[in-house]
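First the structure, in the form of structure tokens, and then the observations on it.
FYI, it's all coordinate maths here, none of it is from the lab. Every value quoted in this text rests on a predicted model; they were computed, and no experiment measured them. Here the Cβ positions follow ideal geometry from the backbone for every residue, glycine too, while neighbour counts run over all protein chains shown.
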Amino acid sequence: MRIRSLTSRIVVFFTSLLALVLVATFVLVSVANLRISRQNAAHELVTGERIFRRLLEQQGQQLTQAVSALATDYGFRQAIGTGDTDTIASALANHGGRIKADLVMLSRLDNTIQADTLKPERVGKSYPFVDLLAKAGERGGASGIERIDGKLYQLVVVPIKAPIVIGWVTMGFEINDEIAADLKALAGLQVSFLGRNQGGWNLLASTLPPAQRIALNGTLSDRQMAGRLALEEEDYEIRLAKLADTPEGPIHALLARSLKEAMAPFYALQGTLVVLALVAIVVFLLAGIRIASRITGPLRDLAGVAERIQQGDYQQTPATQDTREIAQLAGSLAHMQTAIAEREAEITKLAFQDPLTGLPNRVRFNQLLDEAIARAREHDDSLTVLLINLDRFQQINDTLGHPTGDRVLALVGERLREAVRFEDQVARLSGDEYAVLLPGVQVGQSLSTLERIHRTFDRRFELGGRTLDVRAGMGAAGFPEHGQNATDLLRCADMAMYRAKRSGEPQMLYDPGMQSFREEHLSLLGDLQQAVERNELTLYYQPKVSLADGRADEAEALVRWIHPDKGFIPPGEFIPFAEQTGYIREVTRWVLAHAIAQAGQWVAADHPIKISVNLSTRDLLDPGLPDQVAALLAQHAMPAQYLCLEITESGLMEDPSRALDVLNRLRALGLSLAIDDYGTGYSSLAYIRRLPVTELKIDRAFVIELAHNDGDAQIVQSTIDLGHRLGLKVVAEGVEDQPTVAILARMGCDRIQGYVFGKPMPADAFVRWQQEHAASPA
Amino acid sequence: MMQGGLPRLLMALSSLCTLAVPVEIQVQDAAGKPLDEVVAYAEPLSAKAPKGKLSHIIDQVDKEFVPLVNVVQVGTAISFPNKDNIRHNIYSFSPPKPFDLKLYSGTPSSPVVFDKPGQVVLGCNIHDWMVSYLLIVDTPWFDKTDARGMARLGDLPAGEYELKVWHPYQASAAPAQKIKLGAGAASAFAFRLKLTPPPASGNHNY
Ligand SMILES: [Cu+2]
């Protein structure tokens, strides 16, 4: 839709309305006037005919009187009464000439022509206009219209008295165009005299212009008495009036009213109307524009105010308005301006601030970083970005609840803030991820800051009487050496942090080599897929030796990858990566298939070994896993009692009910279930009691220092005791020396896994080791 | 006046002529209604008519000729005394005696002598309605009918005559009657005449 200004809408609407009314008026007036004009023309013709007839009559009377006066002239009568034929003829001509008669005739009482100035040869013949004569006899004089030789005459017949009637004098006055013109001047109509005889109609005299006269002659026919006639493109309203019957045929007068003339006043009125209408429209237009601008002027002002508000100017005072509605609008606009300013401040705060910690959020941090980069570039300066990610924060949230998690996040924010300089910026980017901007610090010099931050995590977090040990991984990247913009710098810092966490370092500076490392990982996924398909993976077995009888009839199956090009790839390089990508399920399936096949072989060889296989979080959420395991067991004729599946606490946390369902179904197969890395998580034994597990594996972290750390010893002792109380078998991992073996034996630990007995080794090596172990003294 | 004078003349004549016959003529219209002012006269066929009284007066009274109908013998001098206090202009275009008495008042010095027989219509040039009819006959024996339609020609000598009647308004002339007057012969005759009075020729008050 076209957008137009209010002014033009108002003006156009009302002007159109006016124009419409004017046009309607004009049309109505025109139609009415046209009809009235037509009727007037017709009426004028009726009146005109009456006037015309009266004029003819008067003319006849005047002529009759004039001729009568002549006929009573003594000399004339004397000439007629006493003269000879020639005298009489000359007297007739003389007296006829006095009143400009075109013909003079003298007839005797016996109706014979005695003299005739027009046609002398008729003398002695009978008088032709007997009807007229009869009328004259009755009235002492008469006039009438007659046709003689194709010409029209008004004839006047009067008696000649001496003193009694001795004869009749007839005078004729030709009715020609001149006479018609006189009549037209008096009657106001075009006059044409038409004669009709055996040959049809002919035009005898007329006031019409020559061209129309010819046209009329062409159209003459037995026409109606009234109506319309077009002659040479001029329209006439006409009326046919019969004037006389002559021996040759009737004489008519065709009276015509020019419609052009009749309509002239109408057209003049129309012209006036048009001029009036135009003037009205112009006046209306000007007035409309003026009034509309009175309305739209203030609106435009307010629109300008609104526009400036849109541009962020909230300090305006709309001009005072004299129109109430506009004034209200202006007031509303002013209020709105204030409200918008307040709300915008709020929104800005929300948009750029993390509500939990009060720190800038990711958006704000990116802005700050951009600004800092711009400043640094301008002053040829450097800056460093630190990225900090809390370890296992998800577990805190899951086990201790979100309120606790939020407290931890807020405390971390506070400690970070305290650990950096005033000019440094601390931000919370997302979940458990923080960033620190160190302006003016070269990345190489940032180690001191990193150290300081690291030390803040040494202090445990006190939360509602509970003490939490929170750790974090940190990465650092610097401008200008690592990236030219915020995105690149953050990505580099993220990569450094990732590497730090992977490698177990507390912090790491970005190194361009990391980029290729990461890319290497990506290609590794393809390689891993190939490895599974091509059986490049292999299983190593680490013995789990029983402390009760020294038997090594259990082992943990651990996957190893011998890359065709890169050689041995440690599990820490590809297992977390496979977990991230979801490919771990394929790996687990491969491991299960091969481990069960191997165990099946050993059972078949009457040399059964109980095999443990690690399950990842994703495996626990796969409802198809129990059926797959059952199918593998059946396929390799392997009794379920020789299979143990190890799960981690964190593996259970993702979707506990679903994981529990899978676990129950696995347990129902008759196999054993072990909790791996026990002690690193936050799950209590009470929670574990609800799981269908049969075995606890104490994390190596507690075992390493067992001989030298009383705290750890207490933890291990109580874990073993509680485990036994729950009916669980307790296994210690990462045992490296005999003293620790002794302590664990004393504590009542059931089995031990570690270098102290044997590294993970291929299946055949494991069988040889087992035979040697069995032979060695326990 | 005329009616009174003429019998006396005839009486005088009859005393000279021993054989004299009084002739009576009755004139009626077709319906038998008596017509007055009809001229009746007898023209002798056997002898020359003698001269009678050869003078006559036609008055103009109140813008009218009096009388309307006149009959005189050839050679009669007629005088036109004007009794009105306005002037008249008497004229006639009739062939027996065209004349024109210019505007005058009183009695013109010389009367007009009508020396040819025939009909004469008299008019006044300034009063178109004034008209008088005059029949000039070649006989002294004439009379006009009275209100009873009776005319008397006095005593006529015995002999043959042509008896005629005339009126200016007559539609057509009544046939003349040949009569023989003598002892024992009929002396009363009847005529029937159709009159068509002329259309009123105007009002003489304008
Ligand atoms: Cu007179």
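Each Cα pair of segment A:353-510 feeds into the Kirkwood radius, which the Stokes-Einstein equation turns, at 4 °C and 1.567 mPa s, into a diffusion coefficient of 83 µm²/s.
Near A:Ala205, within a Cβ-to-Cβ distance under 9 Å, what is the net charge of the other residues, with Lys and Arg +1 and Asp and Glu -1? Local charge sum for A:Ala205: -2. Since only A:Met653, A:Leu103, A:Gln114 are under comparison, the one whose Cα sits farthest along the positive direction of the charge dipole of the protein assembly as shown, derived from C-beta charges on Lys, Arg, Asp and Glu, is A:Gln114.
Extending 7 Å from the Cα toward the beta-carbon at both A:Val123 and A:Leu55 defines two label points whose distance is 3.9 nm.
If the only charges are +1 at each Lys and Arg Cβ and -1 at each Asp and Glu Cβ, what is the size of the charge dipole of the protein assembly as shown around the Cα centre, to the nearest 20 debye? Before the final figure, lay out the partial values.
On the way: 98 positive and 113 negative charges, 1437 e Å.
The dipole magnitude comes to about 6900 debye.
Would you mind pulling out the separation of the Cα centroids of segment A:194-221 and segment A:716-746, in Å? Measuring centre to centre over Cα atoms gives 147 Å.
Once you have the Cα-Cα distance between A:Arg98 and A:Ser68, take 0.36 nm times their residue separation minus that, and quote the gain in nm to one decimal.
9.5 nm
With the cut-off at 1.5 for a/c, could you classify segment A:620-778 from its C-alpha gyration tensor as rounded, prolate or oblate? Oblate, since a/c reaches 1.5 and b/c is not below a/b.
Reducing segment A:582-623 and segment A:347-409 to their Cα centroids gives an inter-centroid distance of 43 Å. Straight-line cross-link partners of A:Lys100 among the aspartates and glutamates, defined as a Cα under 12 Å from its Cα and at least 8 positions apart when in the same chain: A:Glu174. Computed from the Cβ-Cβ distance with R0 of 41 Å, the FRET efficiency linking A:Ala637 to A:Leu660 stands at 0.90.
Pick out, in residue order, every one of the chymotrypsin sites (Phe, Trp or Tyr not before Pro) in segment A:250-327 that is DSSP loop and has at most 12 other C-beta atoms within 10 Å; say none if there are none.
Working: sites: A:Phe266, A:Tyr267, A:Phe284, A:Tyr314; in loops: A:Tyr314.
Here no chymotrypsin sites (Phe, Trp or Tyr not before Pro) fit, given the DSSP loop and packing criteria.
Relative protection proxy for A:169-181, B:186-198, from highest mean packing down: A:169-181, B:186-198 (other beta-carbon atoms within 10 angstrom).
Considering only A:Trp590, A:Gly141, A:Ala557, and ranking their Cα positions along the charge dipole of the protein assembly as shown that arises from unit charges at the beta-carbon of Lys, Arg, Asp and Glu, the one farthest toward the positive end is A:Gly141. Restricting the calculation to Cα atoms, segment B:98-206 yields a radius of gyration followed by a Dmax of 17.8, 56 Å. Once the Kirkwood radius over Cα pairs is known for segment A:232-388, the Stokes-Einstein relation at 4 °C and 1.567 mPa s delivers a diffusion coefficient of 52 µm²/s.
For B:Met130, the residues whose amide H sits under 5 Å from its own are B:Cys124, ignoring neighbours fewer than 5 places away on the same chain, with H placed 1.01 Å from N.
Would you mind computing the Rg to Rh ratio of segment B:131-193 from its alpha-carbon coordinates, Kirkwood style for Rh? Show your work: numbers first, answer last.
Details: Rg = 12.6 Å, Rh = 13.2 Å.
Checking Rg against Rh, the ratio lands at 0.96.
Which entries in A:Lys610/A:Lys729; B:Lys51/B:Lys102; B:Lys53/B:Lys144; B:Lys116/B:Lys194; B:Lys53/B:Lys83 show an alpha-carbon gap greater than 21 Å?
On the way: A:Lys610/A:Lys729 14 Å; B:Lys51/B:Lys102 30 Å; B:Lys53/B:Lys144 16 Å; B:Lys116/B:Lys194 27 Å; B:Lys53/B:Lys83 24 Å.
Exceeds cut-off: B:Lys51/B:Lys102; B:Lys116/B:Lys194; B:Lys53/B:Lys83.
For segment A:1-126, a simple Cβ point-charge model (Lys and Arg +1, Asp and Glu -1, everything else neutral) yields a dipole of about 1220 debye relative to the Cα centre. Computed 3J(HN,Hα) for segment A:530-535, one whole-Hz value per residue from the Karplus formula 6.51 cos²θ - 1.76 cosθ + 1.60 where θ = phi - 60°, is 4, 4, 5, 5, 9, 6, glycine and proline marked x. Residue-normalised convex hull volume from the C-alpha trace of segment A:72-175: 89 Å³ per residue.
If you keep only loop residues by DSSP, which trypsin sites (Lys or Arg not before Pro) in segment A:1-99 have at most 12 other Cβ atoms within 10 Å of their Cβ? Numbers along the way, then the final one.
Details: sites: A:Arg2, A:Arg4, A:Arg9, A:Arg35, A:Arg38, A:Arg50, A:Arg53, A:Arg54, A:Arg77, A:Arg98; in loops: A:Arg2, A:Arg4.
Listed in order of number, the matching sites are A:Arg2, A:Arg4.
Considering only alpha-carbon pairs that sit under 8 angstrom and 6 or more positions apart, the relative contact order computed for segment A:353-510 is 28 percent.
As I understand it, the dipole of the protein assembly as shown uses +1 on the Cβ of Lys and Arg and -1 on the Cβ of Asp and Glu, about the Cα centre. Which of A:Ser90, A:Ile720, A:Gln530 lies farthest toward its positive end? Of the listed residues, the answer is A:Ser90. Comparing Cα centroids, segment A:53-115 and segment A:449-521 end up 149 angstrom apart. In this structure, the amide hydrogen of A:Ala253, modeled 1.01 Å from its nitrogen in the peptide plane, lies closer than 5 angstrom to those of A:Leu194, A:Ala241, A:Lys242, A:Leu243, counting only residues at least 5 positions away or on a different chain. Here's the list of aspartates and glutamates a cross-link from B:Lys48 could span, going by alpha-carbon distance under 15 Å and ignoring same-chain residues fewer than 8 apart: B:Asp138, B:Glu160, B:Glu162.
Taking the longest Cα principal axis of chain B as reference, the axis of helix B:2-16 is set at about 30 degrees. Among the chymotrypsin sites (Phe, Trp or Tyr not before Pro) found in segment A:372-447, those both in a DSSP coil and sparsely packed, with 15 or fewer other Cβ atoms within 10 Å of their Cβ, are A:Phe422.
Take the residue pairs A:Lys151/A:Lys184; A:Lys125/B:Lys97; B:Lys33/B:Lys164 and return only those whose Cα atoms are more than 21 Å apart.
Values: A:Lys151/A:Lys184 19 Å; A:Lys125/B:Lys97 29 Å; B:Lys33/B:Lys164 19 Å.
Flagged as over cut-off: A:Lys125/B:Lys97.
Remark: segment A:390-401, residue by residue, has Karplus-estimated 3J(HN,Hα) of 6, 7, 6, 5, 4, 5, 4, 4, 5, 8, 9, x Hz, where x stands for each Gly or Pro and the curve is 6.51 cos²θ - 1.76 cosθ + 1.60 at θ = phi - 60°.
Using θ = phi - 60° in the Karplus curve 6.51 cos²θ - 1.76 cosθ + 1.60, the 3J(HN,Hα) couplings for segment B:84-95 round to 7, 9, 10, 8, 10, 10, 7, 8, 8, 9, 5, x Hz; x is entered for Gly and Pro.
Given +1 at the Cβ of Lys and Arg, -1 at the Cβ of Asp and Glu and no other charges, the dipole of segment A:72-175 around its Cα centre is 180 debye to the nearest 20. Between A:Ser16 and A:Val275, the C-beta separation translates, for a Förster distance of 22 Å, into a calculated FRET efficiency of about 0.65. Only helical runs count toward this figure. For chain A, summing -39,500 (n - 2.57) over DSSP H runs of n ≥ 4 and dividing by all residues gives -17500 deg cm²/dmol at 222 nm. Among residues other than A:Gln353 with Cβ under 10 Å from its Cβ, the summed charge is +2 (Lys and Arg +1, Asp and Glu -1).
Placing dummy labels 7 Å off each Cα toward the beta-carbon, the span from B:Gln28 to A:Ala374 is 15.7 nm.
Rounded to whole Å, the principal axis extents of the Cα atoms in the protein assembly as shown read 241, 69, 48, largest first.
Cα extents for segment B:51-138 along the principal axes, largest to smallest and rounded to whole angstrom: 35, 21, 20. Its relative contact order, with pairs defined as Cα atoms under 8 Å and 6+ residues apart, puts chain A at 7 percent.
Once the C-beta distance of A:Lys349 and A:Arg466 is scaled by a Förster radius of 56 Å, the resulting FRET efficiency is 0.95 to the nearest 0.05.
Find the eigenvalues of the gyration tensor of the Cα atoms of segment A:1-122, then list the square roots of 5 times those eigenvalues as equivalent ellipsoid semi-axes, largest first, in whole angstrom. The partial results should precede the final answer.
Working: eigenvalues 1133, 33, 29 Å².
In descending order, the three semi-axes are 75, 13, 12 Å.
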